[in-house]
Amino acid sequence: MVGGGVFVLFAAVVFTLVYMSFGGHDEDSFAAFGSKIGVVDLDGVIFSPKQIVPQLKKFADDDSIKAIIIHVNSPGGGVAASEEIYREVKRIRDEKKKRIVASIETVGASGAYYVASATNKIYADKGSVVGSIGVIAEWVNYGELLKWAKLNAITLKAGEFKDTGSPTREMTPAEREYMQGLIDNMHTQFIQAVADGRHAKESDIRAIANGKVWTGEQANGMKLVDEIADFEEAVKDTAKAVNISGEPTLVYPPKDRRTAFDLLFGDVSDYLPTREKLLEQQVGFYYLWK
């Protein structure tokens with residue numbers, strides 16, 4: 001009988017400690033299970049969707065994550081990479097029905113703005129750089145240098161446009177028209193995406209889709225962003241929108257850390273030029289503010 005009483009007392013103490021660790025008040029009990037906001041950093045030039053998209057998917061599928069904030073500080077990047085991230089953001093917003101917002105810190109331009117346009121709400125600092133709805137492709141032509149060095153570039157091809165953009169010669173008028181057609185099509189895709197995300201007329205977005213950037217304050221007046229706010233304010237407003245009471249728990253994806261030991265003795269394939277990487281000298285198309 002005494003042993004049973006001790007067990008009951010022990011169980012009561014354990015329950016009390018667990019209960020207190022989660023707050024002890026009705027509205028805060030087990031708050032950690034329902035007050036999480038996932039934060040994904042979109043930082044630097046967008047070269048690949050491989051890191052960002054899996055992070056977004058993980059937060060989207062986690063029921064304990066009530067909302068997602070994309071913390072943006074990027075001038076954009078590759079057309080295809082930006083578009084793939086945009087599609088995942090749009091899927092989370094429209095199919096998963098999970099609130100996903102963008103908080104632009106310093107720069108949210110071109111491909112980064114493309115991604116942000118798919119969110120439920122865009123916050124931006126007053127002095128941030130926003131916009132640059134446009135497409136760019138550029139490369140260096142070193143044909144004259146080859147001539148000076150008395151070197152000849154030899155190309156065999158089947159198809160008139162197979163080596164369009166070759167850095168060893170000038171483009172023909174037909175090639176220039178062909179390249180411009182590709183760029184114009186990508187530009188239209190960008191405009192349509194922004195118009196869809198911002199619930200605006202395509203003609204209105206096209207009128208300002210000239211590659212210009214604006215400050216966050218200007219962009220707010222143009223309805224390219226929804227609210228002037230820093231990251232902390234964006235967190236508070238997002239928490240309120242998903243009915244989180246009190247301070248939300250911010251969850252960040254684990255970062256892949258590489259040490260000097262890893263570089264010396266681990267897998268260094270990412271740092272070494274492969275034949276494939278050496279061949280990646282083709283013309284690139286970018287949603288990039290420069």
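All of the numbers you see were taken from the coordinates with simple rules; none came from a lab. Just so we're clear, the structure is a prediction, and the values are computed from it rather than from any experiment. Cβ placement follows ideal geometry from the backbone for every residue including glycine, while neighbour counts extend to all protein chains displayed.
Loop-located GluC sites (Glu not before Pro) in segment 177-227 (DSSP state not H, G, I, E or B) with no more than 14 neighbouring Cβ atoms inside 10 Å do not occur. In a fully extended conformation the segment linking residue 144 and residue 61 would gain 24.4 nm over its present Cα-Cα distance, using 0.36 nm per residue. Derived from the Cα gyration tensor, the three semi-axes of the equivalent ellipsoid of segment 143-215 are 38, 15, 9 Å, largest first. Mind scanning 147/212; 50/96; 50/121; 98/201 and naming the pairs with a C-alpha gap bigger than 30 Å? Going by Cα-Cα distance, 147/212 fall outside the 30 Å limit.
Panel order for 187, 199, by other beta carbons found within 10 Å of each beta carbon, from fewest to most: 199, 187.
Secondary structure note: in segment 34-255, about 10% of the DSSP beta bridges are antiparallel. If you take all other residues with their beta carbon under 9 Å from the beta carbon of residue 248, and give Lys and Arg +1 and Asp and Glu -1, the sum is +2. For segment 144-249, chymotrypsin sites (Phe, Trp or Tyr not before Pro) meeting the loop criterion (DSSP other than H, G, I, E, B) and having at most 15 other Cβ atoms within 10 Å: 161. Using alpha carbons only, the radius of gyration of segment 34-255 set against its Kirkwood radius gives Rg/Rh = 1.09. Each Lys or Arg adds one and each Asp or Glu takes one away; over the other residues whose Cβ falls under 15 Å from the Cβ of residue 290, this sums to 0.
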